[in-house]
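Below is one structure, written out as structure tokens; the observations come after it.
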Amino acid sequence: MFKRTITSAAAAVALGGATLLAAPAASAAGPEQTRESLDFTIDEHPYFSSVCGFPVKLHVWGSFLVNTWYDEAGNPTREIRLFTFRSTSEANGVVINGITMGPEIANFDSDGTATIKILGTVNRRVPGAGTVRLQYGFGLLLRSADGETEVSIVENGSEDLAPLCDALAG
């Protein structure tokens, strides 16, 4: 059965963390709806800290609203995951609030392959700069039946961290 790690690519790029996923019960009628929560802190976010040149702490919390459709055998055929995460980025006594939101749409084929489309935006409220869009766009993840091979295609807008780093520098 397909490992439910659809959001790992999006979360790693947009948030730098892992997800907490719940497995739904099988049902021929659909869709089944669940909510999955996420809450984590990275004391020194590797990417932000590297780009900014000083340690940046990241706290992320939010949830996925998951709608899953199943075939008669109880295998998932389609899943739509709507995500909304709040965050704080913190360094040098400065705290910046952010929000990440969008959908992921997965189609599971009978041969075990999967196609996952990830759409979304990552925004921060930066003092003096207003709402700064750090990342946005489209991602496509193709997963093989054995789960070992993935092909990623990412079409993202710019990820300019300069306003975030400038504000966090204090």
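The values are calculated or read from the model by the stated rules, or taken from the named source; none is laboratory data. Worth saying up front: this structure is predicted, and the values here are computed from it rather than measured. For neighbour counting, all protein chains shown are included, and Cβ atoms are generated from backbone atoms with ideal geometry for every residue, glycine included.
Couple of notes before you dig in:
- Here the strands (runs of 3 or more DSSP E) wholly within region 53-170 that include at least 3 residues being under 25 Å from T41 (Cβ atoms) and under 22 Å from the mean Cα position of the chain (by Cα) are 57-70, 76-91, 94-108, 114-126, 130-143.
- The requirement of being touching a Ser or Thr at 6+ places or on another chain (Cβ under 6 Å) and either among the aliphatic types (A, V, I, L, M) or surrounded by 14 or more Cβ atoms within 10 Å (Cβ to Cβ) (or both) is fulfilled nowhere in region 150-166; no residue meets it.
- Within region 57-85, residues that are farther than 12 Å from G30 by Cα sit with their Cβ atoms under 6 Å from residues that are among the aliphatic types (A, V, I, L, M) and buried (at least 17 other Cβ atoms within 10 Å of the Cβ), at 6+ positions apart or across chains, in these pairs: L58/I42; V60/L15; G62/L38; R81/V66; F85/V60.
- Sole residue being more than 22 Å from T131 (Cα to Cα), of a type in the set (S, T, N, Q) and at pLDDT 85 or above, chosen from T88, T19, T68, T100: T68
Residue by residue, here is whether (1) surrounded by fewer than 17 Cβ atoms within 10 Å (Cβ to Cβ); (2) of a type in the set (A, V, I, L, M) holds:
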site: L38; (1), (2): no, yes
site: T41; (1), (2): yes, no
site: V60; (1), (2): no, yes
site: L65; (1), (2): yes, yes
site: W69; (1), (2): no, no
site: G74; (1), (2): yes, no
site: T84; (1), (2): yes, no
site: T88; (1), (2): yes, no
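- Residues that are out of contact with any Leu (no Cβ under 6 Å at 6 or more places or on another chain) and surrounded by fewer than 18 Cβ atoms within 10 Å (Cβ to Cβ), drawn from region 138-149: L140, L142, S144, A145, D146, G147, E148, T149
- Yes/no for G93 being at pLDDT 85 or above, over 20 Å from V66 (Cα atoms), exposed (fewer than 13 other Cβ atoms within 10 Å of the Cβ) and out of contact with any strand residue (DSSP E or B) (no Cβ under 7 Å at 6 or more places or on another chain): yes
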